[in-house]
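The structure appears below as structure tokens.
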2 protein chains.
Amino acid sequence: MKPQNPFATSLRTHTLGSLTELDSGTMVEVCGWVHKRRDHGGLIFIDLRDKFGITQIVFDPGVDATSHTAAERLRSEYCVHVTGKVRPRGPGLENPKLKTGKIEIECHSLTLISASETPPFQIAEEETVGEDLALTYRYLDLRKPKLAQKIALRNALAWEVRSYFHARAFEEIETPILTKSTPEGSRDYIVPSRIYPGNFYALPQSPQLYKQLCMIAGFDRYFQIARCFRDEDLRADRQPEFTQIDVEMSFVDESDIEDVACGLMVHLCKRFLNYDMDLPARHMSYGTAMEKYGSDRPDLRFDLSFTRIDSLARRTEFAPFQKGVVKCFVVPAHVEFSRSEIDGCADFVRVFGLEGVAWTRVTTEGLTGGIAKFFPPEMHAELIETVNAKAGDVILYGAGKEQVVNQSLDHLRRHIGAAKKLYSENDLAFVWITGFPLLELDPETGGFASVHHPFTSPLYEDLELLEIDPLKVRARAYDLVLNGIELGGGSIRIHDNAMQQKIFNLLGLTPEIAARKFGFFLRALKYGTPIHGGFAFGLDRIAMLLTKSASIREVIPFPKTAKAADLMLDAPSHVDEKQLKELSLRLEKGLHNFGNVG
Amino acid sequence: MKPQNPFATSLRTHTLGSLTELDSGTMVEVCGWVHKRRDHGGLIFIDLRDKFGITQIVFDPGVDATSHTAAERLRSEYCVHVTGKVRPRGPGLENPKLKTGKIEIECHSLTLISASETPPFQIAEEETVGEDLALTYRYLDLRKPKLAQKIALRNALAWEVRSYFHARAFEEIETPILTKSTPEGSRDYIVPSRIYPGNFYALPQSPQLYKQLCMIAGFDRYFQIARCFRDEDLRADRQPEFTQIDVEMSFVDESDIEDVACGLMVHLCKRFLNYDMDLPARHMSYGTAMEKYGSDRPDLRFDLSFTRIDSLARRTEFAPFQKGVVKCFVVPAHVEFSRSEIDGCADFVRVFGLEGVAWTRVTTEGLTGGIAKFFPPEMHAELIETVNAKAGDVILYGAGKEQVVNQSLDHLRRHIGAAKKLYSENDLAFVWITGFPLLELDPETGGFASVHHPFTSPLYEDLELLEIDPLKVRARAYDLVLNGIELGGGSIRIHDNAMQQKIFNLLGLTPEIAARKFGFFLRALKYGTPIHGGFAFGLDRIAMLLTKSASIREVIPFPKTAKAADLMLDAPSHVDEKQLKELSLRLEKGLHNFGNVG
């Protein structure tokens, strides 16, 4: 039998998600895995599963005794080929949960393709198992329809991203994986060269310099769904290799990049969530975000914004308010924030560095409870007006070093937002953050470090500050934030050799080091560099948001553990002594007889 | 000004390939590079270039004195922004070679974006330069329109491949780059693990096992435009990293794979060459290809096929014909193969191992010239009939070890085909080769080695030969060959644990080694493996054929040299001692002060 539908092959006429009553009476061939098996008196039923769905097969000894006998030996995850006739299920036996629930296939012939040992966990039951076991048998875990659908969505997402950029005449340009150290500041994975002993390639932390070189080469509009690598001490939701939607454009300013980046999100929200994202996206400066939300990636699905009340706080008699930054936010009466919840705040913030959270309630008479007694009576109305509170509201206060107050109140605010359900699960609050500082102080060295990366252009109007007060210089950088999560960001780049050298210099790179690390790039900047800029979004992260997954590992087909091991393959692993010798490498003493990872 | 066409940005209203007489009188903003500059009396003309084309800009002191003065300082590759008015060129001044040749832009305002030092080679002249210089300044070489168009075609090719598979419900699944040694038999690039000292990841030589695991996971139809890595002693046209169109399908046989693989080529030939490829493609067995063309990738744009004449040859008195294999082929009269060309054949084949090429001419009387005198008269007619020759034809003979005869005559045949123009440059001769042997003898070890790879299924009807005469077993493998070049190939895979173990065993892998290297895969084969198969085509190679490029480096945006160095980035290069220490690695003594590669 030859193709009747696009999935038909020499071994099947139909997939297991496609048959309906209209096919009744048709002889079909199907292939798949035994999902469930039930013995009912003389009849055997199996739910046969493939990627596309589940169809019930009936083995009736009156129809075909051979296959009925063979079916007695079928077990979960056996892979089989069935020839049979589609027929409607008997009255009352339909399964409304299945697309194919009104029919079944009466088996005329059964062929075993491969038997299965008992799987280490149940697939039909979508059994939750320890992550190590699931990752070791990833190929079985991926048979679970729910996980398979997440991976399918990720793949569809990549396709939609490509379609979007293709329609806008961006070319997807493949940049090398065997490359040179990149400047993202994380640790590089390195690859020893056999031909050049003692030399190493580096795997790219991002294609940053390649995409800028593409602009210098005149490619005009670049994008790539690019694999990136970082040898970090992994946090729970990082992977040593991850995938980035990487974009660069020539002859643009920030508004052009914003159009393309937000346009992409409009496209994806419509396609995957049927959600109409408004354009232009809400804008917020870095300064405002830090002031009002204590974070450069504020979750704007709900308000609870902060008010800084330093001078007012100094006039109270509350000791912790006498120095540092004092910020507060109002939890409105309708949130019904209980006394025990208020008391819980202090414990909650402690891990973020704040010693406690002060509070007051608001009544029609003024402030009461908590630290109200430290406020002179004439200040009550003033504070209530300043923070725009109403009777029944609770005001929460944090005081201390600015960074600690911001970080603690940001976490507290988001904790309350989530715990008190101040937004619906389907809300999407995008915000385009601009006006980041170009530089920050590196706590380790005390010198300047880039907030984004060293190729970010300073804002023209701040150029003279570069000489006087570099920390005040703003960058031509931007981030797109959704629900408190950074989807990605980018910048307009430096396109001038002298400016690039000046920035390297500010970052403490001597001309010699700059030449060694980035000489090729400084040289490239000398031949008519266009004005250019771009952005990068995390594909894995967007897939995670669209599938409402708890971990990035759910949307990566073959992920590694949080400790960068591939449990399925048992990688990394040992290599032969001969191979190391060819690479002119030796291991530190005593290492070579270690056991493998898995 | 805001977008009027899809390429408009904040800095330009039009690109440099789009303006026509219909735009006359329009004020426009454009950006690009100074391609050529001409001073004509009071007027200055520049050809301004971007990715999309070239447009002439006129600087007229009567229109804008400031920009005219500034234009005097413009040099090649300066990057500029021009505001001006589109106007028709004067009579007789049109340039029919340019799409925009009927108009020019009268400059009203000129802004220098970036100056350029004198480039190391001319871009406007498409100057041919040494490859090392061109690769060092790849970003400038890529500004040459001809090279840029090749890269653009490559990118368009990748898009068309994706569209083809997307339309057929294949999912593009990203498989890891940090993985475990793969079995392709070349040397792996390895990546030291910091977290697991003494252990290494390997970069994939292909996603072979991952795509098979995708089938075991039930993904049904996989494809990927996949980066692959091989640490080979590079031949002229190999790269340490290359790109593969990688495909796998479940529940299929050879005919299904052929439909998809050849269907892809039909799609690409139509799209890029407007050529209608016939389906089904011509088929040929490995045996026939070797017999008639001495190669498993015969160039079928022309005939000159071989006839094996061992027994006939033995009856001559020509000493070299008394042992080994004797093959001959006929160069027809119309080819006009001269005596000096005939004499050149012997020199030509010597590098391929054959000591010489014998020849005879055919006349109406019989054979003459060359070795004709060694043929008994009664044999002339018999030979002429056997090889189907006519008067005026030349017959060329090779004798010796089969492999040497095949290799030498194959090269000679193709050399004659090319030199005597036996086909047109636009001919496309596809052939689908089947019936490869499963195993061959490894000349180094004397043991069996896989012809394709160890996961290739033997042909069912040859299964019993596995025990008796393994070299006779044919594989369920296939290659697609175009004009004598292997585009790619694949196989139906082993889907049975016991068979896979048997093949490993034949290949000399002890159960212990098999378990260490492929234990994860043998385990995966135990849980209901579907029948599956696939193929892989070289994307770089197809791009090279479509663009008629001489080297693979012309269709790779940022290629490495034949010695695996990136001259632009100066990679590979040294890493800090600290970084090696973190990886528990040491270099062999005396290595660390070597200079860098570039």
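The values are calculated or read from the model by the stated rules, or taken from the named source; none is laboratory data. In this text, all values refer to a predicted model and were calculated from it rather than measured experimentally. So basically every Cβ, Gly included, is an ideal-geometry build from the backbone, and we count neighbours across all protein chains shown.
In the stretch B:408-448, of all residues being touching a Pro at 6+ places or on another chain (Cβ under 9 Å) and more than 22 Å from B:Lys327 (Cβ to Cβ), the one that is surrounded by the most Cβ atoms within 10 Å (Cβ to Cβ) corresponds to B:Leu438. Of the residues A:Arg350, A:Arg282, A:Arg271, the single one that is in contact with a helix residue (DSSP H, G or I) (Cβ under 7 Å, 6 or more places away or on another chain) and among the basic types (Lys, Arg) is A:Arg271.
Residue-by-condition table, conditions (1) over 40 Å from the mean Cα position of the chain (by Cα); (2) closer than 20 Å to B:Arg314 by Cα; (3) among the small types (Gly, Ala, Ser); (4) at pLDDT 95 or above:
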{"residue": "B:Pro332", "(1), (2), (3), (4)": "no, no, no, yes"}
{"residue": "B:Arg339", "(1), (2), (3), (4)": "no, no, no, no"}
{"residue": "B:Ala346", "(1), (2), (3), (4)": "no, no, yes, no"}
{"residue": "B:Arg350", "(1), (2), (3), (4)": "no, no, no, no"}
{"residue": "B:Gly353", "(1), (2), (3), (4)": "no, no, yes, no"}
{"residue": "B:Ala358", "(1), (2), (3), (4)": "no, yes, yes, yes"}
{"residue": "B:Gly366", "(1), (2), (3), (4)": "yes, yes, yes, no"}
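All of (1) within 12 Å of chain A (Cβ to nearest Cβ); (2) within 21 Å of the chain's Cα centre (by Cα); (3) not aliphatic (A, V, I, L, M) hold for B:Asp259 with one exception: (2). Would you confirm whether or not the stretch B:125-140 contains a residue that is in contact with a strand residue (DSSP E or B) (Cβ under 7 Å, 6 or more places away or on another chain), under 15 Å from B:Val34 (Cα atoms) and buried (at least 21 other Cβ atoms within 10 Å of the Cβ)? The answer is yes, given that some residue of the stretch B:125-140 is in contact with a strand residue (DSSP E or B) (Cβ under 7 Å, 6 or more places away or on another chain), under 15 Å from B:Val34 (Cα atoms) and buried (at least 21 other Cβ atoms within 10 Å of the Cβ).
Does A:Ala515 satisfy the condition of being free of Cβ contacts under 8 Å to residues at least 60 places away in the same chain and more than 9 Å from chain B (Cβ to nearest Cβ)?
On the way: free of Cβ contacts under 8 Å to residues at least 60 places away in the same chain: yes; more than 9 Å from chain B (Cβ to nearest Cβ): yes.
It is true that A:Ala515 is free of Cβ contacts under 8 Å to residues at least 60 places away in the same chain and more than 9 Å from chain B (Cβ to nearest Cβ).
Every condition in (1) facing another protein chain (nearest Cβ under 9 Å); (2) under 22 Å from the mean Cα position of the chain (by Cα); (3) assigned to a helix (DSSP H, G or I); (4) of a type outside the set (Asp, Glu) holds for A:His166 except the one numbered (2). If you go through the stretch B:549-584 and keep only what is crowded, with 21+ Cβ neighbours inside 10 Å and at positive phi, you end up with just B:Ala564. Here A:Ile225 qualifies as at the interface with chain B (Cβ under 10 Å from one of its Cβ atoms) and β-branched (Val, Ile, Thr). Of everything listed in (1) at pLDDT 95 or above; (2) loosely packed, with under 13 Cβ neighbours inside 10 Å, the single unmet condition for A:Ala313 is (2).
Of all residues in the stretch B:394-446, those that are of a type in the set (A, V, I, L, M) and not in a helix (DSSP H, G or I) total 12.
In summary, B:Gly508 fulfils each of the numbered conditions (1) at positive phi; (2) within 14 Å of chain A (Cβ to nearest Cβ) with the single exception of condition (2).
The stretch B:285-371 holds strands (runs of 3 or more DSSP E) entirely within its bounds, and those carrying 1 or more residues that are within 30 Å of B:Val473 (Cβ to Cβ) map to B:306-308, B:325-331. Every test in (1) buried (at least 20 other Cβ atoms within 10 Å of the Cβ); (2) touching a residue at least 40 places away in the same chain (Cβ under 8 Å) is passed by A:Leu546 save one, and that test is (1). Taking the numbered list (1) more than 30 Å from B:Met265 (Cβ to Cβ); (2) away from chain A (no Cβ under 14 Å); (3) not basic (Lys, Arg) in turn, B:Ala550 passes all entries but (1).
Being touching a residue at least 12 places away in the same chain (Cβ under 8 Å) and farther than 26 Å from A:Leu409 by Cβ: is that true of A:Glu317 here?
In short, no.
Could you say whether any residue in the stretch B:188-206 is closer than 23 Å to B:Ser549 by Cα, assigned to a strand (DSSP E or B) and either more than 10 Å from every other protein chain (Cβ to nearest Cβ) or in contact with an Asp or Glu (Cβ under 9 Å, 6 or more places away or on another chain) (or both)? No: the stretch B:188-206 contains no residue that is closer than 23 Å to B:Ser549 by Cα, assigned to a strand (DSSP E or B) and either more than 10 Å from every other protein chain (Cβ to nearest Cβ) or in contact with an Asp or Glu (Cβ under 9 Å, 6 or more places away or on another chain) (or both).
Applying the condition of being in contact with an Asp or Glu (Cβ under 8 Å, 6 or more places away or on another chain) and surrounded by fewer than 17 Cβ atoms within 10 Å (Cβ to Cβ) to the stretch B:451-473 and asking which residue is farthest from B:Phe521 (Cα to Cα) yields B:Lys472.
For A:Glu254, indicate whether it is touching a His at 6+ places or on another chain (Cβ under 7 Å) and either of a type in the set (D, E, K, R) or surrounded by fewer than 22 Cβ atoms within 10 Å (Cβ to Cβ) (or both). So A:Glu254 fails the test. In the set A:Leu525, A:Leu463, A:Leu507, only one residue is farther than 16 Å from A:Tyr210 by Cα and touching a residue at least 40 places away in the same chain (Cβ under 8 Å); that residue is A:Leu507. The set of residues in the stretch A:493-503 that are surrounded by 21 or more Cβ atoms within 10 Å (Cβ to Cβ) and either basic (Lys, Arg) or in a helix (DSSP H, G or I) (or both) comprises A:Arg493, A:Gln500, A:Ile503. Considering each residue of the stretch B:151-167 in turn, at least one proves to be surrounded by 21 or more Cβ atoms within 10 Å (Cβ to Cβ), modelled with pLDDT of 95 or more and touching a helix residue (DSSP H, G or I) at 6+ places or on another chain (Cβ under 6 Å). Filtering B:Val357, B:Val330, B:Val349 for residues that are touching a Phe, Trp or Tyr at 6+ places or on another chain (Cβ under 9 Å) and crowded, with 18+ Cβ neighbours inside 10 Å leaves a single hit, B:Val357.
The single condition among (1) surrounded by 22 or more Cβ atoms within 10 Å (Cβ to Cβ); (2) more than 30 Å from A:Phe352 (Cβ to Cβ); (3) touching a Ser or Thr at 6+ places or on another chain (Cβ under 8 Å) that A:Ala289 does not meet is (2). Determine, yes or no, whether B:Lys144 is crowded, with 20+ Cβ neighbours inside 10 Å, without any contact (Cβ under 8 Å) to a residue 40 or more places away in the chain and among the basic types (Lys, Arg). So B:Lys144 fits the description; yes.
If the condition is being at the interface with chain B (Cβ under 7 Å from one of its Cβ atoms) and either surrounded by fewer than 22 Cβ atoms within 10 Å (Cβ to Cβ) or in contact with a helix residue (DSSP H, G or I) (Cβ under 9 Å, 6 or more places away or on another chain) (or both), then the stretch A:172-186 contributes A:Glu172, A:Ile173, A:Glu174, A:Thr175, A:Pro176, A:Thr179, A:Lys180. Give the stretch B:431-483 a look and list any residue that's touching a Gly at 6+ places or on another chain (Cβ under 9 Å) and over 23 Å from B:Asp253 (Cβ atoms), or say none. Across the stretch B:431-483, the qualifying residues are B:Leu441, B:Asp442, B:Thr445, B:Gly447, B:Phe448, B:Ala449. The listed residues are A:Val266, A:Val260, and the only one of them that is buried (at least 19 other Cβ atoms within 10 Å of the Cβ) and either of a type in the set (A, V, I, L, M) or in a loop (DSSP other than H, G, I, E, B) (or both) turns out to be A:Val260.
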